[in-house]
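A short write-up of the structure that comes next.
The values are calculated or read from the model by the stated rules, or taken from the named source; none is laboratory data. Bear in mind that the values here come from a model prediction, so they are computed numbers and not experimental data. Cβ placement follows ideal geometry from the backbone for every residue including glycine, while neighbour counts extend to all protein chains displayed.
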Amino acid sequence: MPWKKIKSHFSKKENIPDNTAGIGLVVFYVVEEAIKAEKIIRKAGYSCKLVAPPPDLRKGCDLALEIDLLEQPAIERLLKSEVQYQGIFPLSGNTELITIVKVKHYEAGYTMVKAGNMKLTFDNRTGIIVNTSGGGCPDIPYLNIQMVDKHLSDAPRPRDLGYTLCALMLDRAYEECLSLWDRREKVCC
């Protein structure tokens, strides 16, 4: 049984701290392979996180998988026959991951969360998703239909329905919206 991480090395949206010893990025050819690899690694009990790689490590895919280098041999075995990837690269102390989540609160009572080029807007009073926008991937209209007019807690995860970078970025926005809604509920109630 693989050793599970108890605590993450990073905060949810912040850049990597200066001490990145032991942290690496699995770099992929295509987005679908990155998403598939994350599912495989998590299912096996290892911690990982999909991230936007720094420009100097980008090799064609705008996603990488952040891992603990101590787990590299096991992760390589997991991915060997399942996923195509370009390599695993250790991060140096001056390399930063790109922060991709931004929050905008509107006076009219709505909050918009932008992740990459995808946006999700919800009503602050009800938690109902009022809009998704951005991206040019083919699964975005379908995701919009599945999410709009649903409460944040009842909407499906974009990453479970879509297969593109746009779906993954919409999922990041959705995660942040859920977090904002949960904090609001705890403060208000």
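Restricting attention to the range 122-143, and to residues there that are surrounded by fewer than 20 Cβ atoms within 10 Å (Cβ to Cβ) and among the polar types (S, T, N, Q), which single residue is nearest to Leu170 (Cα to Cα)?
Selected residue: Ser133.
Any residue at all in the range 61-68 that is at pLDDT below 85, surrounded by fewer than 13 Cβ atoms within 10 Å (Cβ to Cβ) and not aromatic (Phe, Trp, Tyr)?
Checked against the condition, which is being at pLDDT below 85, surrounded by fewer than 13 Cβ atoms within 10 Å (Cβ to Cβ) and not aromatic (Phe, Trp, Tyr), the range 61-68 yields no hits at all.
Which of the helices (runs of 4 or more DSSP H) contained wholly in the range 73-189 include at least 3 residues that are modelled with pLDDT under 90 and under 16 Å from Ile35 (Cα atoms)?
Because the criterion is at least 3 residues that are modelled with pLDDT under 90 and under 16 Å from Ile35 (Cα atoms), the helices (runs of 4 or more DSSP H) in the range 73-189 that meet it are 158-161, 165-188.
Do any residues in the range 30-57 that are under 20 Å from Ile100 (Cβ atoms) have Cβ atoms under 8 Å from those of residues that are in a strand (DSSP E or B) and of a type in the set (Gly, Ala, Ser), where the two are at least six apart or on different chains, and which pairs are they?
Filtered contacts from the range 30-57: Ala34/Ala64; Leu50/Ala64; Val51/Ala64; Ala52/Ala64; Pro53/Ala64; Leu57/Ala64.
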